[in-house]
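Q: Let me give you the structure first, and then I'll get to my questions.
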Amino acid sequence: MARVIFDAVLEPNRPLGPKGLALVIGFVALVSFVTGIMFALRGAWPVTPFFGADVALLAFAMNASVKAARRRERLILTSERLLIERISPNGLTRCEELNPYWLRVDHEDPELLGAELALVSRGRRWIVGSFLGAEERTNLADALRRALREARNFIPTV
């Protein structure tokens, strides 16, 4: 079995935990309810359903954010291959194997907003860490470059 040179699990930043999520939605619901009562008492009752809709949309968006945070990427580099394992929010796993000898890291302008970190081999590009921040992508690119150099120079002992 080949020696593992690089092994990283990439995860998006976590949103609020369950308690924090309940507190935020609860606070917004309370403010919306009080504001809705004030509008209703002043005769503007037709606007009160929109306060409830705001809370429902916020809860939907927060739950979507929590679900999206479940995705993962794992990069495993040996002298023989780079395995990119992508785990979607619903748990489906997709794996791709690349030859590290022909692979290069493309992350030329990390200060550019939205700069991608791509692994390039024989004209194909694989984007990794798209959910990471700029500094995290830069650190990952540097670590991958060092690991690929080591993988290319690795001489197995018999």
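The values are calculated or read from the model by the stated rules, or taken from the named source; none is laboratory data. Computed from a prediction, not measured in an experiment: that's the story for all the values here. Glycine gets a Cβ as well: all are built from the backbone with ideal geometry, and neighbour counts include every protein chain shown. Each accessible area value is taken on the protein alone, full model and side chains, heavy atoms only, with ligands, DNA and RNA left out. Shrake-Rupley method; radii C 1.70, N 1.55, O 1.52, S 1.80 Å.
Q: Taking 7 Å along the Cα-to-C-beta vector as the label spot, tell me the residue 153-residue 125 distance in nanometres, rounded to one decimal.
A: 2.9
Q: Report the charge-dipole magnitude of the chain in Debye, nearest 20, computed about the Cα centre from +1 at each Lys and Arg Cβ and -1 at each Asp and Glu Cβ.
A: The dipole of the chain has a size of about 380 debye.
Q: Say R0 is 35 Å: what FRET efficiency, to the nearest 0.05, do residue 108 and residue 70 get from their beta-carbon distance?
A: Taking R0 as 35 Å, the efficiency between residue 108 and residue 70 is 0.70.
Q: How high is the FRET efficiency between residue 86 and residue 42 when r is their beta carbon distance and R₀ equals 41 Å, given to the nearest 0.05?
A: Numbers: r = 53 Å, r/R0 = 1.30.
Efficiency, from the Cβ-Cβ distance: 0.15.
Q: To the nearest 10 degrees, how steeply does helix 134-153 sit against the main Cα axis of the chain, on a 0 to 90 scale?
A: Relative to the chain, helix 134-153 is tipped by roughly 20 degrees.
Q: In the full protein assembly as shown, how much of residue 67 is accessible to a 1.4 Å probe, in Å² to the nearest 10?
A: Using a 1.4 Å probe on the heavy atoms, I get roughly 100 Å².
Q: Give the accessible surface of region 1-104 per residue, rounded to a whole number of Å², with probe radius 1.4 Å and ligands, DNA and RNA excluded.
A: In whole numbers, region 1-104 has 68 Å² accessible per residue.
Q: Provide the descending list of Cα extents for region 7-158 along its principal axes, expressed in whole angstroms.
A: The Cα atoms of region 7-158 stretch 83, 31, 23 Å along their principal axes.
Q: Say each of residue 8 and residue 61 gets a label point 7 Å from the Cα, pointing the same way as Cα to Cβ; how far apart are those two points in nm?
A: Reported label-point gap for residue 8 and residue 61 is 3.1 nm.
Q: Would you mind getting me the FRET efficiency between residue 96 and residue 54? Use the beta-carbon distance for r and R0 = 41 Å, nearest 0.05.
A: With R0 = 41 Å, the Cβ-Cβ based efficiency is 0.45.
Q: Also: Report in % the part of the accessible area of region 5-74 that belongs to carbon and sulfur, leaving out ligands and nucleic acids; probe 1.4 Å.
A: Carbon and sulfur together cover 71 percent of it.
Q: Students often check this: by mean Cβ neighbours within 10 Å, which of 46-53, 144-151 ranks highest, and how do the rest follow?
A: The densest-packed peptide leads the list: 144-151, 46-53.
Q: So for the chain, taking the charge dipole from beta-carbon charges (+1 Lys/Arg, -1 Asp/Glu), which of 49, 89, 140 sits furthest toward the positive end?
A: Value: 89.
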